[in-house]
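Here's the structure we're looking at; comments come further down.
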């Protein structure tokens, strides 16, 4: 398993420390120390608070349990059976989706390759699923992980796009409508050029 500094470094990706700080509300100096794994003043290993781990989890939609485990707060994930207030809303949404599909606990557990007891603990907010299990649940019900985590009330990315202010203003623009009309008649090479242009526009 990766250690905490490796995980934080991966979450950071191409972001600068200041950009990461804006996302997480954690100071950029402390984030740098997390990536390095130690405090440069004392040379002592960094031991982040659970609040810091929650901020990282929320900002990057990364499993809170995995962060706790990497930070040394949890030795065995299977032993966590205490109610998780932060996970209550997610657990409710997961349970509601199962009931909407008229699926039993055992049926969902089988599709997720979990035993029924473990899955029932997820719905009961007794344990938090890993990021991989959360993605499997999202795929099973055709919803976004953002929806499961309570970050949006839109169940999938299509509705998130449709509800955005950008798309609404785009639909009201005559020039934008002409662009879409021409786009549908474009060939593969034209679309590749458009994708390259989009990437150039968003280069940092």
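For (1) surrounded by 16 or more Cβ atoms within 10 Å (Cβ to Cβ); (2) modelled with pLDDT under 90; (3) over 27 Å from residue 47 (Cβ atoms), each residue gets a yes or a no:
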{"position": "84", "(1), (2), (3)": "yes, yes, no"}
{"position": "91", "(1), (2), (3)": "yes, no, yes"}
{"position": "101", "(1), (2), (3)": "no, no, yes"}
{"position": "108", "(1), (2), (3)": "yes, no, yes"}
{"position": "116", "(1), (2), (3)": "no, no, yes"}
{"position": "122", "(1), (2), (3)": "yes, no, yes"}
{"position": "125", "(1), (2), (3)": "yes, yes, no"}
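For region 51-60, does any single residue satisfy the condition of being assigned to a strand (DSSP E or B) and either surrounded by fewer than 16 Cβ atoms within 10 Å (Cβ to Cβ) or in contact with a strand residue (DSSP E or B) (Cβ under 7 Å, 6 or more places away or on another chain) (or both)? No, because not a single residue in region 51-60 is assigned to a strand (DSSP E or B) and either surrounded by fewer than 16 Cβ atoms within 10 Å (Cβ to Cβ) or in contact with a strand residue (DSSP E or B) (Cβ under 7 Å, 6 or more places away or on another chain) (or both). Hey, can you tell me all the residues within region 18-43 that are assigned to a helix (DSSP H, G or I) and within 18 Å of residue 67 (Cβ to Cβ)? Residues satisfying the conditions are 20, 21, 23, 24, 30, 31, 32, 33, 34, 35, 36. With respect to residue 189, is the statement that it is assigned by TED's automatic domain parsing to the domain that holds residue 94 and either part of a loop (DSSP other than H, G, I, E, B) or at pLDDT 70 or above (or both) true? Considered against the rule, which asks whether it is assigned by TED's automatic domain parsing to the domain that holds residue 94 and either part of a loop (DSSP other than H, G, I, E, B) or at pLDDT 70 or above (or both), residue 189 comes out as no.
Is at least one residue of region 63-80 surrounded by 13 or more Cβ atoms within 10 Å (Cβ to Cβ), assigned to a helix (DSSP H, G or I) and modelled with pLDDT of 90 or more? No, that holds for no residue.
The lone criterion from (1) closer than 21 Å to residue 89 by Cβ; (2) at pLDDT below 70; (3) more than 21 Å from the chain's Cα centre (by Cα) left unmet by residue 156 is number (3).
Residue 15 satisfies every condition listed in (1) outside the structural domain of residue 127 (by TED's automatic domain parsing); (2) assigned to a helix (DSSP H, G or I); (3) at pLDDT 80 or above except (2).
The values are calculated or read from the model by the stated rules, or taken from the named source; none is laboratory data. Everything numeric in this text was worked out from a predicted model, so none of it was measured. Neighbour counts run over all protein chains shown; Cβ positions are idealised from the backbone, glycine included.
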